[in-house]
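Data block below; observations after.
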């Protein structure tokens, strides 16, 4: 019986007008998205190759290990074809030098704002927005449509168990929406390989996980469509309810989650924090200057009654102590400002982290959000990508600096490009400009390795979202079953 | 075939309403202790205006709703206690047969025959039954969306025949049929009766009720106010009886009245 019901479902959907149009639109969108994704990846790879080439050339032209600096480029990952995440919003490279902060600059969108206007529609977006809508279009009248046609009554006038009927509805809709998707998805995989995108074993595991996740997400919407169609009498009513649900789930809840989190767990903006630091800095400088002025007045008072020679001798005797004292106070003041800045930044990061966790938690009420989070985690393009890269670059900076310091000592190149000024004991200065300076061996410099996420890490990060999607889907399926058992077929 | 006089009390009924009652959640009494029996080879027609309780009776036999009192039995099986077993014994034709518009007549017939437990039919079997109900060969492979209401109705009857169940329930099957199709339908129903099917049909068409029925029951406001056999009706005017019962002037006698 179950097989007969599924066969009928498949035939009913495949012969209907919705199927062919949906299939064609899905095929075009998936292939177009893959093609554009590969082009985008290749453009990012070219930019990366050019940037690293230039950096390596500059390093190889250096003749001294002193004051070494470099630039670290972020290698594009092929997974961005599937879920671009923040890849194009995050800077492509970071400067690497002793005193400079690690910051990823020059994102694709900041360099080419037009790309931000026409954002790249990745496969994740196609699944999250377009295919979920198609899943609803496929199922909104699965049960009440049959009631309207009169076929539900005729079918259930036979010894057809309702449980089998609703499960066959689900299975038939699932098979007729999901299985045909494998055709364009398979073609897109072949396209990625044919267009020369390098895919390692880990990428295939991630792609498989991404596809599995996407199918789970569509399963949720198929089950939801069947549940709502089994709760309502008319297909127009179920379509309206599902459309409102879709808009809320895909467009509203994720954004409301962010807004609510900002209200519940506010965090100051960077500008506000900068203003606070600036104010504190000014106060401390004013204090410092006031101290200097006070010290100067005390010293002036001490020379009162002295002759000019005595006063000069007094100043000569104490000059170094005063300078030392002044330097100590200045350093203390600057350390104080620095500590204050770090405290505020730490506090800001803590607040922002809490806000982010809350926003993620609230947005996860929407299955579309849970899908998006999991898809980005699997692709390694979620918001933690920034921290992951900055942390890796910071570590690399230490490694880079330690290495250059070591090489500086080893090669004796502790001068700037071999240029040095020597001051002899008699006060004469001697300038030395060495001839035939040899370039340093830049090939020995440790290379930056992009932070790879192993699959267990990816899995751990996406577990909560995958689990939520599983729970949502199971709950909706149970609800679809329970409501149909009591559905008035008349 | 000359039909036996009805009711034959020696034969086990296939369809039986036993104090069948239905009160909706809003308190509205849709059916009030209705009793009747339909034996094999008999046609029982429920005659009544819209809202009289005819469709509710059929829905109770199909277990689409459960009775608040009494029971509907199909071949001795109470439909609300073992609906699946009861449904194996009954075929159903609705007032407005729609079927699957993108399936052909044969595809529709095949699907419903198979869920009715008949997996052995060949295409020729389907064609034979479709011809029997008056659907011409050229229509057999046409999609249902191109069919007229009469053609769909014939297809629905073909599906009921293909199930080969001992009982057939027909809910206003003749509404919207043209006179020729209506005549063909009456002949078909008589041939099914002659094959031994127990047929329960609801209608508000007095002429057809009289032509088709072995026994007619008039329903008014959920009450089966009158029953007359074909023989009894030979001496009475069904139209007058119907109007009398509808207007509250119905009298006892001349058969089994409100039970």
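So here's what we get for this one:
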| read-out | value |
| --- | --- |
| Cα gyration tensor of the range A:311-369 - equivalent ellipsoid semi-axes, whole Å, descending | 55, 5, 5 |
| Inter-chain shielding of B:98-108 (mean C-beta neighbours from other protein chains, 10 Å cut-off) | 4 |
| Stretch gain in nm, segment residue A:251-residue A:488, where the contour uses 0.36 nm per residue and the Cα spacing is subtracted | 82.0 nm |
| For the range B:97-164: span of alpha carbons on each principal axis (Å, largest first) | 28, 19, 16 |
| Chain B, relative contact order [Cα under 8 Å, separation at least 6], % | 27 percent |
| Calculated P(r) of chain B - Cα pairs past 31 Å, % | 23 percent |
| Where only alpha carbons of the range A:1-136 are counted, the Rg and the Dmax (Å) | 23.0, 82 |
| Sorted peptide list for A:15-24, B:63-72, criterion being average Cβ within 10 angstrom, highest first | B:63-72, A:15-24 |
| Residue among B:16, B:123, B:138 with the largest mean-square fluctuation in a Gaussian network model of chain B, springs linking Cα atoms under 10 Å | B:138 |
| Average beta carbon contacts from partner chains per residue of A:147-155, 10 Å cutoff | 6 |
| Relative contact order of chain A, defined on C-alpha pairs under 8 angstrom at six or more residues apart (%) | 27 percent |
| Gap separating the Cα centres of the range B:52-109 and the range A:19-36, nearest whole Å | 43 Å |
| Listed peptides B:164-175, A:373-384 by packing density, highest first (mean Cβ within 10 Å) | A:373-384, B:164-175 |
| FRET efficiency for residue A:243 and residue A:106, using Cβ-Cβ distance with R0 set to 45 Å, rounded to 0.05 | 0.65 |
| Rg(Cα)/(2.2 N^0.38 Å) for the range A:270-363, N = residue count | 1.79 |
| Whole-percent pair-distance distribution, where bins are 20 Å wide, for the alpha carbons of the protein assembly as shown | 13, 30, 22, 16, 10, 6, 3, 0 |
| Burial ranking of peptide ranges A:142-149, A:389-396 (average Cβ count within 10 Å, highest at the top) | A:142-149, A:389-396 |
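Readers should treat all values here as calculations from the given coordinates under stated rules, not as data from a laboratory. What you see is a predicted model, and the numbers here were worked out from it, not measured in a lab. We place every Cβ from the backbone using ideal geometry, glycine too, and count neighbours over all the protein chains shown.
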